[in-house]
Amino acid sequence: MQLTKNRWQIIVSAILIQLCLGAIYAWGVFLNPIMSDFGWSKTEVSVAFTIFLVSYAGATLVGGRWQDEVGPRRVATVGGILLGLGYYLASFTQSLPWLYITYGFIGGTGVGLGYVCPIATCVKWFPDKRGMATGLSVAGFGAGALIFAPVATRIIETFHWRTAFSSLGILFVVVVVLAAQILRNPPEGWQPFSLKEKAKNKTKSNLGLEVNWLGMLQTTQFKMLWLMFAFGATAGLMVIGHLASYGVEVGLTEGAAALIVGTLAFFNGSGRVAWGAISDRIGRPHALMLIMFILGATMLLFTRFSDFNTLLIVAGTMGLAFGGILAIFPSITADYFGSKNVGANYGVMFSAYGAAGVLGPMLGATVYDLTGTYNYAAVVAAILCFIAGALAIFLKPPTKKEEKSIGAMGKYSLE
């Protein structure tokens, strides 16, 4: 009974950690104030967010392998300290390189180390409800901006963007470090009662293949999933990185733009829970196909409207679909390649998010600086989403024949 209680405590810890890490989606509320103070261009300031996302993805790769070796508690603790330190030091920004190093590199590294730990831990504690568990564990990340976008906006309006950075930095250290102490892996060989009852029948969430990241790289499924992840995340991150600024530019107040960002964040978090549970029922490939087509259609609508109510609807739809991506990819990584090495495997898979972190925000900023509109960038992102949706139609789990073709170095954990 104690183990059952503990595994739900893991979910609570994961949500608390991810709420703080998800503050990255509130970046848009800092964009205009920093540009205004220093006279920097949108592209120059947006580089900080790009560096953050690349550092985040790179640190996820390192953190995934590290937490597989030493457990999630230590790695998540280090991640929380770096996240808070990056935000706090960013409050002293006087130059672009300082912003890039503090917010971009240090803060992004902290998020990457912390992000993978709750996900990998939840996958191991909930093999019977993998989609739901990963959806819940990353829901906080998607909803982080729902809390921190209006909080940061209020602090900026009342005090200054520097105060917002320093205050959030202190808060993140306290919350993430405390919540990280709850994280731990289940005992070796542990399974919940519900899965033991179904042991004679393999389920969608227990396909039986166990390979490490070297073996995963050899599969066609990894290549397809990586491209799908990168294409879908490019659209979502382009919108997230520019939504608040876009709202102000089309005539909304700072507060109204922050509310739209919060709306996207709310549905981003809700979408992670909903799509995670849906994917348990209809299968991950079918869920991903629907998500990618919804994202593509929404990108085509994004810059066609500028009134508050319509932007709320578009932001909500975008958040709902984008949230599903972050819920399903950890689950499908464990489904197809096993849970033993899911930390390292998902860290490698998550490099697609890093690629999208470069392409998405910079595509939007560069195209806007050159043309004065986001329309062309939105069309490119929509096409990428449609391609990802088409790939999902042909996605199948690895077969026993494919498992046999994986080299010996890929079949076992590198310990």
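The values are calculated or read from the model by the stated rules, or taken from the named source; none is laboratory data. Only a predicted model underlies this, so the values are computations on that prediction, with no experimental measurement involved. Note that each Cβ is placed from the backbone with ideal geometry, even for glycine, and that neighbours are counted across all protein chains shown. These accessible areas exclude ligands, DNA and RNA; they are computed on the full protein's heavy atoms, side chains included. Shrake-Rupley method; radii C 1.70, N 1.55, O 1.52, S 1.80 Å.
Here are the numbers for this structure:
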item: Meets criteria (part of a helix (DSSP H, G or I), open to solvent by 30 Å² or more (accessible area, probe 1.4 Å), within 26 Å of Phe267 (Cβ to Cβ) and not charged (D, E, K, R)) for Leu178; result: no
item: Subset tally (residues that are of a type in the set (D, E, K, R) and open to solvent by less than 70 Å² (accessible area, probe 1.4 Å)) for region 369-401; result: 0
item: In region 199-232, the residues that are at pLDDT below 90 and exposed (fewer than 14 other Cβ atoms within 10 Å of the Cβ); result: Ala199, Lys200, Asn201, Lys202, Gly208
item: Where a residue in region 359-383 is over 15 Å from Leu53 (Cβ atoms) and its partner, wherever it lies, is open to solvent by 30 Å² or more (accessible area, probe 1.4 Å) and aliphatic (A, V, I, L, M), with Cβ under 8 Å and at least six apart; result: Ala377/Leu363; Ala378/Leu300; Val379/Leu300; Val380/Leu363; Ala381/Leu363; Ala382/Ala297; Ala382/Leu300
item: Some residue of region 115-133 being under 19 Å from the mean Cα position of the chain (by Cα) and under 26 Å from Val47 (Cα atoms); result: yes
item: Near pairs, Cβ below 8 angstrom, 6+ apart or cross-chain, from region 260-283 (closer than 17 Å to Asp128 by Cα) to any residue that is charged (D, E, K, R) and modelled with pLDDT under 90; result: Asp280/Lys129; Asp280/Arg130; Asp280/Lys204; Gly283/Lys204
item: Pairs, first more than 16 Å from Ile34 (Cα to Cα) and in contact (Cβ under 8 Å) with a residue 60 or more places away in the chain in region 75-93, second crowded, with 24+ Cβ neighbours inside 10 Å and of a type in the set (Lys, Arg), C-beta under 7 Å, six or more apart; result: none
item: Residues within region 13-57 that are in contact with a Ser or Thr (Cβ under 8 Å, 6 or more places away or on another chain), farther than 19 Å from Ser91 by Cβ and at pLDDT 85 or above, tallied; result: 4
item: Failed criterion for Leu300 (all others in (1) in contact with a helix residue (DSSP H, G or I) (Cβ under 6 Å, 6 or more places away or on another chain); (2) farther than 21 Å from Thr134 by Cα; (3) open to solvent by less than 40 Å² (accessible area, probe 1.4 Å) hold); result: (3)
item: Which listed residue is over 19 Å from Gly107 (Cβ atoms) and free of Cβ contacts under 8 Å to residues at least 60 places away in the same chain, from Ser41, Ser36; result: Ser36
item: Which numbered condition Arg162 fails, given (1) within 22 Å of the chain's Cα centre (by Cα); (2) at pLDDT 85 or above; result: (1)
item: Scan of region 80-133 for residues that are among the hydroxyl-bearing types (Ser, Thr, Tyr) and modelled with pLDDT under 90, ordered by number; result: Tyr115, Thr121
item: Options Thr333, Thr310, Thr303; residue that is polar (S, T, N, Q) and modelled with pLDDT of 90 or more; result: Thr333
item: Elements of type helices (runs of 4 or more DSSP H) in region 1-90, at least 3 residues being within 18 Å of the chain's Cα centre (by Cα); result: 2-21, 42-70, 72-90
item: Unmet criterion (only one of (1) surrounded by 22 or more Cβ atoms within 10 Å (Cβ to Cβ); (2) among the hydrophobic types (A, V, I, L, M, F, W, C); (3) farther than 28 Å from Ile282 by Cβ) for Val348; result: (3)
item: Qualifying residues in region 39-71 (those that are among the small types (Gly, Ala, Ser) and within 30 Å of Ala244 (Cα to Cα)) - the one most open to solvent (accessible area, probe 1.4 Å); result: Gly39
item: Candidate set from region 246-267 (those that are of a type in the set (Gly, Ala, Ser) and crowded, with 21+ Cβ neighbours inside 10 Å); member that is nearest to the chain's Cα centre (by Cα); result: Ala265
item: Residue in region 268-290 that is farthest from Ala235 (Cα to Cα), counting only those that are within 15 Å of the chain's Cα centre (by Cα) and open to solvent by 40 Å² or more (accessible area, probe 1.4 Å); result: Val273
item: Some residue of region 96-118 being small (Gly, Ala, Ser) and more than 26 Å from Gly262 (Cβ to Cβ); result: no
item: Phe293 being of a type in the set (A, V, I, L, M, F, W, C), more than 17 Å from the chain's Cα centre (by Cα), open to solvent by 10 Å² or more (accessible area, probe 1.4 Å) and farther than 18 Å from Tyr368 by Cβ; result: yes
item: Residue in region 239-248 that is modelled with pLDDT of 80 or more and touching a helix residue (DSSP H, G or I) at 6+ places or on another chain (Cβ under 7 Å) present; result: yes
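So that you can scan it fast, the table gives a plain yes or no per residue for (1) surrounded by fewer than 24 Cβ atoms within 10 Å (Cβ to Cβ); (2) assigned to a helix (DSSP H, G or I):
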site: Arg304; (1), (2): yes, no
site: Asn309; (1), (2): yes, yes
site: Val314; (1), (2): yes, yes
site: Leu326; (1), (2): no, yes
site: Phe329; (1), (2): no, yes
site: Gly357; (1), (2): no, yes
site: Gly364; (1), (2): no, yes
site: Val367; (1), (2): yes, yes
